[in-house]
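What follows is one structure encoded as structure tokens, with my remarks underneath.
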Amino acid sequence: MSSFKNILTSVGNTILTITINRPSSLNALNAQTITELGEAMELAKNNNEIAGIIITGSGEKAFVAGADISEIAKLNELNGRSFAESGQKVFEDIENCEKPVIAAINGFALGGGCELAMACHIRIAVASAKFGQPEVNLGLIPGYGGTQRLTKLVGQGRALELMMTGDLINAEEAHRIGLVNHVTTNIDSLHQKVESIMNKITAKAPLAIGMVISCVNAATSKENGYQIEANGFAHCCQTNDKEEGTSAFLEKRAPKFKGN
């Protein structure tokens with residue numbers, strides 16, 4: 001992995017961990033951090049040695065506490081659009097990554113931080129985490145896809161209430177409404193849970209995992225999700241992983257997938 005200024009990267013057991021590392025600003029996302037996150041995702045996507053990606057924040061206070069307000073204060077209509085579109089592009093790349101991406105939410109996930117978490121395929125939070133889209137308090141709206149993803153995850157009524165009031169919710173409430181998959185008691189158990197789920201996923205056939213992601217994303221888009229599912233199923237049928245998986249089942253042994 002390349003060296004970055006605002007994120008840390010480490011690889012262990014085929015899993016890349018990306019840590020947003022701006023603790024003095026509670027890991028707020030500025031333009032450079034967004035760029036570095038996009039670059040790290042692109043490198044991971046093209047690295048056959050990486051099977052899955054974990055995104056988290058440094059320290060124990062914040063996953064990402066929002067966007068960098070000092071940058072936002074300088075935006076006008078012209079550069080505000082490009083600011084939003086650049087973040088949307090990176091978060092879309094995360095959402096559409098064919099390798100599993102899990103958000104390990106270790107604290108505040110507000111504004112752009114909540115949007116980053118929602119772009120990940122699975123969200124696991126420590127009990128002390130807080131979530132929200134408080135942009136209306138700044139005279140703004142979410143700009144990195146939050147209006148779309150929050151609505152898809154929790155429904156129109158809840159999404160509208162959260163975005164129009166700017167209220168924050170705790171991890172238990174986020175779990176209750178479907179914003180996060182699991183809540184853990186502390187940071188240690190957070191990382192244990194994330195690693196457990198990631199290891200379970202990466203033990204499966206990589207091409208099939210990628211197809212599942214593509215098909216589920218199609219279910220909430222304007223694409224014909226059923227046709228994409230049928231095409232994906234057909235593609236899996238011609239892979240060596242499918243032959244290995246079915247043979248292993250019939251032979252009552254553990255499969256050994258190779259991603260081809």
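Key figures
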{"quantity": "The chain - charge dipole about Cα centre, Lys and Arg +1 at Cβ, Asp and Glu -1, debye rounded to 20", "calculated": "440 debye"}
{"quantity": "Descending principal axes extents, region 52-121, alpha-carbon based, whole Å", "calculated": "37, 29, 13"}
{"quantity": "Cut-off 10 Å between beta-carbons: net charge of the residues surrounding residue 258, Lys and Arg +1, Asp and Glu -1", "calculated": "-1"}
{"quantity": "Additional length obtainable on full extension of the chain from residue 5 to residue 82, 0.36 nm per residue less Cα span", "calculated": "25.5 nm"}
{"quantity": "All Cα pairs of region 146-260, percent lying beyond 17 Å", "calculated": "70 percent"}
{"quantity": "Among beta bridges that DSSP assigns inside the chain, antiparallel share in %, nearest 5", "calculated": "25 percent"}
{"quantity": "Helix runs (DSSP H) in the chain reaching 24 Å along axis by Cα, Kyte-Doolittle at least -1.0", "calculated": "77-96"}
{"quantity": "Most mobile of 129, 67, 230 in a GNM of the chain (Cα contacts under 10 Å)", "calculated": "230"}
{"quantity": "Additional length obtainable on full extension of the chain from residue 48 to residue 151, 0.36 nm per residue less Cα span", "calculated": "33.7 nm"}
{"quantity": "Counting DSSP beta bridges with both ends in region 7-158, the antiparallel % (nearest 5)", "calculated": "25 percent"}
{"quantity": "GNM result for the chain, Cα springs below 10 Å: residue of 89, 74, 242 fluctuating most strongly", "calculated": "74"}
{"quantity": "Per-residue HN-Hα couplings for region 16-22 [Karplus 6.51, -1.76, 1.60; θ = phi - 60°; Hz; x = Gly/Pro]", "calculated": "8, 10, 9, 10, 5, 10, 10"}
{"quantity": "Relative contact order, percent, the chain [alpha-carbon distance under 8 Å, six or more residues apart]", "calculated": "15 percent"}
{"quantity": "Cβ-based exposure ranking for 164, 198, 41, in which fewest neighbours within 10 Å come first", "calculated": "164, 41, 198"}
{"quantity": "Region 91-163 - charge dipole about Cα centre, Lys and Arg +1 at Cβ, Asp and Glu -1, debye rounded to 20", "calculated": "240 debye"}
{"quantity": "Per-bin percent of Cα-Cα distances, the chain [5 Å]", "calculated": "1, 6, 13, 17, 18, 17, 12, 8, 5, 2, 1, 0, 0"}
{"quantity": "Cβ-based charge dipole, the chain, positive-most Cα from 144, 171, 221", "calculated": "171"}
{"quantity": "Of 69, 24, 182, farthest towards positive along the dipole that unit charges on Lys, Arg, Asp, Glu beta carbons give region 7-202", "calculated": "182"}
{"quantity": "Residue exposure sequence - 175, 235 - by fewest surrounding Cβ within 10 Å", "calculated": "235, 175"}
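No value in this document is a laboratory result; all are computed from the given coordinates. Model, not experiment: these values are computed from the prediction. Cβ: placed from backbone, ideal geometry, glycine included. Neighbour counts: every protein chain shown.
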